[in-house]
Amino acid sequence: MYLQLQFITFKIYVKSASSQVFEHKVFPKSGNWLRICQFIDQSYSWGCIQLAYRHILNYAQAMASNSCTCVSLVFFFLLYCCKTECMNFHFADIHTEAVQAALAKHKEQKMALPMPTKRRSTFVQSPADACTPPDTSSASEDEGSLRRQAALSAALHQSLQNAESWINRSIQGSSTSSSASSTLSHGEGKGTSGSLADVFANTRIENFSVPPDVTATTSSSSARMMNTFIRQKYFPPGVPVSSRVSTKIQQLLNTLKRPKRPPLKEFFVDDFEEIVEVPQPDPNQPKPEGRQMTPVKGEPLGVVCNWPPALEAALQRWGTTQAKCPCLTALDVTGKPVYTLTYGKLWSRSLKLAYTLLNKLGTKNEPVLKPGDRVALVYPNNDPVMFMVAFYGCLLAEVIPVPIEVPLTRKDAGGQQIGFLLGSCGIALALTTEVCLKGLPKTQNGEIVQFKGWPRLKWVVTDSKYLSKSPKDWQPNISAAGTEPAYIEYKTSKEGSVMGVTVSRIAMLSHCQALSQACNYSEGETIVNVLDFKKDAGLWHGILTNVMNKLHTVSVPYSVMKTCPLSWVQRVHAHKAKVALVKCRDLHWAMMAHRDQRDVSLSSLRMLIVTDGANPWSVSSCDAFLSLFQSHGLKPEAICPCATSPEAMTIAIRRPGVPGAPLPGRAILSMNGLSFGVIRVNTEDKNSALTVQDVGHVMPGGMMCIVKPDGPPQLCKTDEIGEICVSSRAGGMMYYGLAGVTKNTFEVIPVNSAGSPVGDVPFVRSGLLGFVGPGSLVFVVGKMDGLLTVSGRRHNADDIVATGLAVESIKTVYRGRIAVFSVSVFYDERIVVVAEQRPDASEEDSFQWMSRVLQAIDSIHQVGVYCLALVPANTLPKTPLGGIHISQTKQHFLEGSLHPCNILMCPHTCVTNLPKPRQKQPGVGPASVMVGNLVAGKRIAQASGRDLGQIEDNDLVKKHQFLTEVLQWRAQATPDHPLFLLLNAKGTTVCTATCLQLHKKAERIASVLCDKGHLNAGDNVVLLYPPGIELITAFYGCLYAGCIPVTVRPPHAQSLAATLPTVRMIVEVSKAACILTTQTLMRLLKSREAAAAVDVKTWPTIIDTDDLPRKRLSQIYKPPTPEMLAYLDFSVSTTGMLTGVKMSHAAVSGLCRAIKLQCELYSSRQIAICLDPYCGLGFVLWCLCSVYSGHQSILIPPMELESNLFLWLSTVSQYKIRDTFCSYSVMELCTKGLGNQVEMLKARGINLSCVRTCVVVAEERPRVSLTHSFSKLFKDIGLSPRAVSTTFGSRVNVAICLQGTSGPDPTTVYVDLKSLRHDRVRLVERGAPQSLLLSESGKILPGVKVVIVNPETKGPLGDSHLGEIWVNSPHTASGYYTIYDNETLQADHFNTRLSFGDAAQTLWARTGYLGFVRRTELTAASGERHDALYVVGALDETLELRGLRYHPIDIETSVSRTHRSIAECAVFTWTNLLVVVVELCGCEQEALDLVPLVTNVVLEEHYLIVGVVVVVDPGVIPINSRGEKQRMHLRDSFLADQLDPIYVAYNM
């Protein structure tokens, strides 16, 4: 029914038929409908329309059984009323009914799209003075008509069905709308959020390598206890887990369940090959069936006896014989004539300018200009007189004018490209007026600023008083027109580059002759020109053909049109003009203002040339204008659309018709067929059509053909759309200075289907898409620059703009301020729509409009919109005449500088070419793995450090089994030898500890534990100290007393609610009998603030060690065996798991010995440590190694660097430290904070040339970019690039690799990221696409063995194969500390065996990290080839998406480099949606810029679609003391709605 309506709409427009046609086609025997149409036809009063409206309601009720018919009726009525009342048909109102019908289809789908979450204070619209005002008097934005249309639309919707309900249905059929979801910030989510919260509350990521949850009270409740811990720490009381975030994500999931359009295509993907689409042509795709077209010739160019041999000769003729005849009339700002240039004045002033240019700018021997040089013409659009004089002055001087726009600022849209054109043309001179020169931006010295990208220009004023009169004997050289260049017209390409189309003198003359013949110009006629007189049709008619035929041109500038839209109609009436040159915009503006002046007559017009009649949607503007002004004398046959392009100039123009003759027909084309480049008449089973009007016949003397727009210029078939090519003398000759592009555009030889040339006549590509219809009429359906090719189908940007404007845009966006372009993302073009939002548009109105636009475009064009963005008013880059600069807008979008205020991404809908998800193959048996390695010639991937038994070290420490014995021995042997030195933020020593001092203080602490704490051997004691020597003495005091120390990070006084629960949990889990701490911390633990966070009454005994009694310990405890427990190491992993491991005395001694041997640590050495001392290798280096090896440790608490960034580096320099240890956090702090202060470091005398090893302690993949940046930044102060290295450890073994002093430097390799996702390693060269740089994690410690194992089969893998890293060493932890020992996990993680192989009998510990071993060409210390261990990432952090394994750091690295304002990034998954959280370090206006950039880069580099993008403030992403991101904590905070995000985008 809707299509019949559309078809009849076409009939009404073409035939001006009455309602009988409608009755016969759609509503037979419908008296109501007849009366409605009669009412409308007989009167234009609104009272009649209201009466008609009541009739249509009656009819709608009678047709209630067919809802589609009712809705179509209503919208046809609206369309018909708008037609008779001259509503806005500027762009696409004929398209409105199609859009509304498409939207009506969605009302049954009950969609509820999640609205973005936005911080209300973030996005403020432009100030009132910067916004486009709703000015009905000036009619600058068609407000008057549109308000009436909006009022009528509102009445219709209220009487029938509210259009907003079409997409505001809830997921389960409830009335919850998008607006409701936006109010969830004020309360709990409803509906599905409850179930989602339940899922969250009981969900835990399971993985075989995850250590047991030591928080469990029973082995079966670990997940529940862990979530209790997370809730206590991260969900303050009163914050429900069921939040608006959960509700919106559920809405998003339900939205994504809808089928895609088109269906997902099938791909065959090899793991090691690029994605290649297997062509899957649509079986229903229409194909051209006609014969091959033959070129169409225009009428012969007539020979007129009085045509001059050159245009300059015509000027000379009229200037000398008809001197007083008017040539050009200029208007003032009010639209009144202000000056008329006669032909005599034009000739004399042009002559003076030509003489001045050639003879007065330089010396006689060195003239500034000579014939053939190029000059720039810089004249404002309101001064056609001076431009015309300058243009003809250049022609007479035989120099080549290049008209350009007046530059207003250094940052004009496209200004840099204009400068490139000027430079490539070799322009050094610019002509302008005195007034314009004064208005150019100046420097403080009064000189004209150097515009960006422009060559240095000499400015010449062409006002008459500055010109020299030519001698009587001087005459310009006027020769017959030839192929020499006459002028250069600039053109902006789709990509934004500016090219100069060179027009020869013969082409200029021939074009004027063709226009004169086609338009039947005669001498003395008056034409009104509303176009830009510097280029295109405005130049060709108003400046060139004008002089050819002695016409009188009245130029109406754009500035006058903005203040007086009816001015051009008034000029036609006042001057009895025969021809008017306009665009659809001018017709539209005149219709809006016609009520201001009714006494105008257009009866004198014989041609109303619509120069953008090639726009497919211009038909509605022409019809509406004719309907309104026919009563003012406008003849239907006078409307003459034409098609033009800078390259081919005028391609076709409709000649004036004979009064009374039938108007040319129109074509109603299927948009589906057009998208495949085929002409098909719209049929009733389609829901979209395009009505196009002809643009007349081929120009006289020209020949036209249609060629395929892609590939070789093959002639199209007669029913095929292609690019229009023209062969004529009246066309451009080349792009100046671009020979290659010129050949492909101006020297095209069409070929047939066999590839053979068709003739030898060269054609010029016009850049227009169209076809030749019956009677050789030319039809244009779009432009090459507006072509959007998505998934092999072609769409026109103007069509999509029209569809968007048909979706009730009046309340939301400005109608003339919409840009549509495509961006290349993931092997295809993606459509982006950008519009300027009205300042008074609400968030909900904007979101509703965006949702409707997406639906309308999807239904009508069968294509998805990738991104729809709304920007504040007046912020899109503009062209000189006020239009949108498309290429600049696209550039801002891609650069992240568009600053939208609303955005909606739809990658799930648009991206249909993703590879098929990987299907995991059945498990491969151990035997198959072994055989596969043997067949491939791979050795088993294992490596080991030096054998401890073969190392000769005459160290007396070897005879001591326990660290306490070593300390006692050192206290006796070297009592005054300093072991520890603690620095404060100023770099001064605040505390030291010699061997004897440490021993004595440890004795006193042990005595207190026994006497005051009444502790027994084996009791656990929590050590709660800030980083310092007190922590060390307390640790050894516990060992002396036989207690088990547990080091815990103290709570932060300013954030007790967040940090104290962790302390409390470790105390409870470890079953600590006592807490050793300082007096300050003891008061904090018992404070009122602490009581608000935890139950302070249940703390175990708390002992402060500030004032210790001088009581000596009676006997120092000695463990019975070295396998006894020495200490517990607790830490929270990046996945939010709290784990504690047991370290025995034997493991402690073995670890210290391995580090001593690897780093060559002796009593005479000093090392600097800037690490947190609470767990892992940081604790070992801080507390244990100095006692074992005897070297002096200079301790630098990392927190001190926050107040003094120089502290660490200045300490290393001052003490001439050879070996220093730090964390990634410290290195990043120095890199960011001191990177630009290297000169200051030099001035302070800091020199790092003494550093032999700078080791980063970490339990992750080496951050190569950070270490390289650190090395590069500080190489100027002596840091060797070989010095920086990393360590690798895990929970089961805190030190597996450490670079040390001997052995080869760390090696690096490049691996293929795609292969890693498939759990494979493929080495590639540097610079290869999708390559990842990996660095070796230091050298394997002495006594350590590693093997790479398949985590599923537990079989060893071959060299360079990715697998889990297993370790065997003397210092591996004994196991997890759990209240109820879980023997299964204990055996699986710490005492597991290979399923086969030579090492099957060895007990291994599983690190939970993926990596690979690669044998290098380097030689190890043992003389054998070096085996390098490369760590890829933790297993329990990986993301399983689409059957592939992703490491978060890879995605985060890609995201972090997309925009300068991204400070940090973290990713996690939730319900199979990828969530990306980015910290914004710039202004909040940039927040929405990040959404498309993040989505693009993840899709391009990782083949993943981002589900949610969250933009937050800096510092929101939690990072632990080791510099590791706590992604799971971030996820929990996000789901609990605790992040206070700047913006949350839910990608559709």
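The values are calculated or read from the model by the stated rules, or taken from the named source; none is laboratory data. Computed from a predicted model, the values in this text were never measured in an experiment. Positions of Cβ are generated from backbone atoms using ideal geometry, with glycine treated the same way; all protein chains shown enter the neighbour counts. All accessible areas refer to the heavy atoms of the entire protein, side chains included, with ligands and DNA or RNA removed. Shrake-Rupley method; radii C 1.70, N 1.55, O 1.52, S 1.80 Å.
Do we find that Pro641 is surrounded by 24 or more Cβ atoms within 10 Å (Cβ to Cβ), touching a helix residue (DSSP H, G or I) at 6+ places or on another chain (Cβ under 8 Å) and in contact (Cβ under 8 Å) with a residue 12 or more places away in the chain in this structure? Yes, satisfied. One residue alone among Lys364, Lys370 is of a type in the set (Lys, Arg), open to solvent by 10 Å² or more (accessible area, probe 1.4 Å) and in contact with a helix residue (DSSP H, G or I) (Cβ under 8 Å, 6 or more places away or on another chain), and that residue is Lys370. From the list Asp1319, Asp1312, which residue is open to solvent by less than 30 Å² (accessible area, probe 1.4 Å) and of a type in the set (Asp, Glu)? Sole residue among the options that is open to solvent by less than 30 Å² (accessible area, probe 1.4 Å) and of a type in the set (Asp, Glu): Asp1312.
Restricted to segment 721-747, and to residues there that are hydroxyl-bearing (Ser, Thr, Tyr) and in a strand (DSSP E or B), the residue that is surrounded by the most Cβ atoms within 10 Å (Cβ to Cβ) is Tyr735. Taking segment 1474-1487 as the range and being open to solvent by less than 10 Å² (accessible area, probe 1.4 Å) and out of contact with any Asp or Glu (no Cβ under 8 Å at 6 or more places or on another chain) as the test, the residues that pass are Leu1474, Val1475, Val1476, Val1477, Ala1487.
The number of residues in segment 1336-1357 that are in contact with a helix residue (DSSP H, G or I) (Cβ under 6 Å, 6 or more places away or on another chain) and buried (at least 21 other Cβ atoms within 10 Å of the Cβ) comes to 4.
Selection over segment 700-720 of residues that are open to solvent by 10 Å² or more (accessible area, probe 1.4 Å) and either in a loop (DSSP other than H, G, I, E, B) or not aliphatic (A, V, I, L, M) (or both) gives a count of 12. Taking each residue of segment 1493-1504 that is under 10 Å from Phe826 (Cβ atoms) and open to solvent by 10 Å² or more (accessible area, probe 1.4 Å) and looking for partners that are outside any helix (DSSP H, G or I) and aliphatic (A, V, I, L, M) with beta-carbon atoms closer than 8 Å, six or more apart or interchain, yields Asn1496/Val823; Asn1496/Val825; Glu1500/Val825; Tyr1503/Ile275; Tyr1503/Leu914.
Between Ser1164, Ser1189, the distinction of being open to solvent by less than 20 Å² (accessible area, probe 1.4 Å) and modelled with pLDDT under 95 belongs to Ser1189 only. With respect to being at pLDDT 95 or above, in contact with a Pro (Cβ under 8 Å, 6 or more places away or on another chain), of a type outside the set (A, V, I, L, M, F, W, C) and under 20 Å from Met1143 (Cα atoms), Thr1033 falls outside the description.
Scanning segment 833-878 for residues that are acidic (Asp, Glu), touching a residue at least 60 places away in the same chain (Cβ under 8 Å) and either open to solvent by 10 Å² or more (accessible area, probe 1.4 Å) or under 14 Å from Met905 (Cα atoms) (or both) returns Glu843, Glu844, Asp858.
Selection of first residues in segment 1519-1538 that are on the phi < 0 side of the Ramachandran plot and part of a helix (DSSP H, G or I) and of second residues that are open to solvent by 30 Å² or more (accessible area, probe 1.4 Å) and among the aromatic types (Phe, Trp, Tyr), restricted to Cβ pairs under 9 Å at least 6 apart or on distinct chains, gives the following pairs, ordered by first then second residue: His1529/Tyr234; Asp1532/Tyr234; Ser1533/Tyr234. Scanning segment 453-468 for residues that are in a loop (DSSP other than H, G, I, E, B) and in contact with a helix residue (DSSP H, G or I) (Cβ under 6 Å, 6 or more places away or on another chain), we see that the one that is least open to solvent (accessible area, probe 1.4 Å) is Thr462. If you go through segment 1291-1309 and pick out every residue that is at pLDDT 90 or above and either aromatic (Phe, Trp, Tyr) or open to solvent by 40 Å² or more (accessible area, probe 1.4 Å) (or both), you end up with 1. Within segment 1045-1073, restricting attention to residues that are touching a Ser or Thr at 6+ places or on another chain (Cβ under 6 Å) and buried (at least 23 other Cβ atoms within 10 Å of the Cβ), the residue that is nearest to Tyr1174 (Cα to Cα) is Val1046.
Counting just the residues of segment 1248-1290 that are part of a loop (DSSP other than H, G, I, E, B) and polar (S, T, N, Q), which one comes out surrounded by the fewest Cβ atoms within 10 Å (Cβ to Cβ)? The residue in question is Ser1249.
The residue of segment 552-607 that is least open to solvent (accessible area, probe 1.4 Å), among those that are touching a strand residue (DSSP E or B) at 6+ places or on another chain (Cβ under 8 Å) and of a type in the set (Lys, Arg), is Arg571. Set side by side, the residues Glu1452, Glu1440 differ, and just one is touching a strand residue (DSSP E or B) at 6+ places or on another chain (Cβ under 9 Å) and assigned to a strand (DSSP E or B), which is Glu1440.
If you filter segment 494-524 down to residues that are closer than 22 Å to Ala652 by Cα and in a loop (DSSP other than H, G, I, E, B), you find that the one that is most open to solvent (accessible area, probe 1.4 Å) is Asn520.
Looking only at segment 1479-1494, decide whether some residue is of a type outside the set (Val, Ile, Thr) and in a strand (DSSP E or B). The answer is yes, given that some residue of segment 1479-1494 is of a type outside the set (Val, Ile, Thr) and in a strand (DSSP E or B).
Any residue at all in segment 299-309 that is more than 30 Å from Leu777 (Cα to Cα) and either of a type in the set (Lys, Arg) or in contact (Cβ under 8 Å) with a residue 40 or more places away in the chain (or both)? Within segment 299-309, one or more residues are more than 30 Å from Leu777 (Cα to Cα) and either of a type in the set (Lys, Arg) or in contact (Cβ under 8 Å) with a residue 40 or more places away in the chain (or both). Of the residues contained in segment 393-401, one or more are found to be of a type outside the set (Asp, Glu), assigned to a loop (DSSP other than H, G, I, E, B) and open to solvent by less than 20 Å² (accessible area, probe 1.4 Å).
Identification of helices (runs of 4 or more DSSP H) wholly contained in segment 1053-1100 with 2 or more residues that are among the charged types (D, E, K, R) and at pLDDT below 95 yields 1056-1069, 1088-1093.
Assess whether Lys491 counts as being of a type in the set (D, E, K, R) and farther than 20 Å from Leu768 by Cβ. The answer is no for Lys491.
One line per residue, one yes/no per condition, for (1) touching an Asp or Glu at 6+ places or on another chain (Cβ under 7 Å); (2) surrounded by 21 or more Cβ atoms within 10 Å (Cβ to Cβ):
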| site | (1), (2) |
| --- | --- |
| Leu1113 | yes, no |
| Tyr1117 | no, no |
| Ala1126 | no, yes |
| Cys1152 | no, yes |
| Ile1169 | no, yes |
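The residues in segment 801-824 that are at pLDDT 90 or above and either of a type in the set (A, V, I, L, M) or farther than 16 Å from Tyr866 by Cβ (or both) can be counted, and the count is 4. Does at least one position in segment 785-792 carry a residue that is over 25 Å from the mean Cα position of the chain (by Cα), open to solvent by less than 10 Å² (accessible area, probe 1.4 Å) and touching a residue at least 12 places away in the same chain (Cβ under 8 Å)? No: zero hits.
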